[in-house]
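Down below is the structure, laid out as structure tokens.
The values are calculated or read from the model by the stated rules, or taken from the named source; none is laboratory data. Here the structure is a predicted model, which means the values were calculated and not measured. Glycine also receives a Cβ, built like all others from the backbone with ideal geometry; neighbour counts cover every protein chain displayed. Note: areas computed on protein heavy atoms with side chains; ligands, DNA, RNA excluded. Shrake-Rupley method; radii C 1.70, N 1.55, O 1.52, S 1.80 Å.
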Amino acid sequence: MEKEKVYISGAIAHYDLEERRQAFDRAERYLALKGYEPVNPFKNGLPDEAHWREHMRADIALLLDCDCIYMLQGWELSKGAKLELDVASSCGIKVLFE
């Protein structure tokens, strides 16, 4: 059986990038151990300094290819994560919370 793909969503902008990268990496390892195929937006192919809108376009494209979205703690503080949750809910993508 194919593993369910899970998009990791959480606050990134306006936070310490290295700390956020580590949080997403931890979530990626956790989800992989749980038998999912994690999708980490830090690996969206864009440079960190690309415009927020470019990141959102790339990230939503990744999200739409997933079965679930995994909301990291503190996601409520992030405009991007709220947008991703809205897209997931609207498109019937299952929502999981950390």
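Below is a table of values for the structure above.
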read-out: Restricting region 1-25 to residues that are open to solvent by 80 Å² or more (accessible area, probe 1.4 Å) and closer than 26 Å to GLY92 by Cα, the residue that is modelled with the lowest pLDDT; value: MET1
read-out: Among residues of region 66-81, those that are over 11 Å from the mean Cα position of the chain (by Cα) and either closer than 17 Å to ALA32 by Cα or without any contact (Cβ under 8 Å) to a residue 40 or more places away in the chain (or both), counted; value: 2
read-out: Restricting region 42-98 to residues that are assigned to a strand (DSSP E or B) and out of contact with any helix residue (DSSP H, G or I) (no Cβ under 7 Å at 6 or more places or on another chain), the residue that is farthest from LYS3 (Cα to Cα); value: PHE97
read-out: Some residue of region 10-22 being touching a strand residue (DSSP E or B) at 6+ places or on another chain (Cβ under 6 Å) and in a helix (DSSP H, G or I); value: no
read-out: Test for LYS94: is it open to solvent by 20 Å² or more (accessible area, probe 1.4 Å) and out of contact with any strand residue (DSSP E or B) (no Cβ under 8 Å at 6 or more places or on another chain); value: no
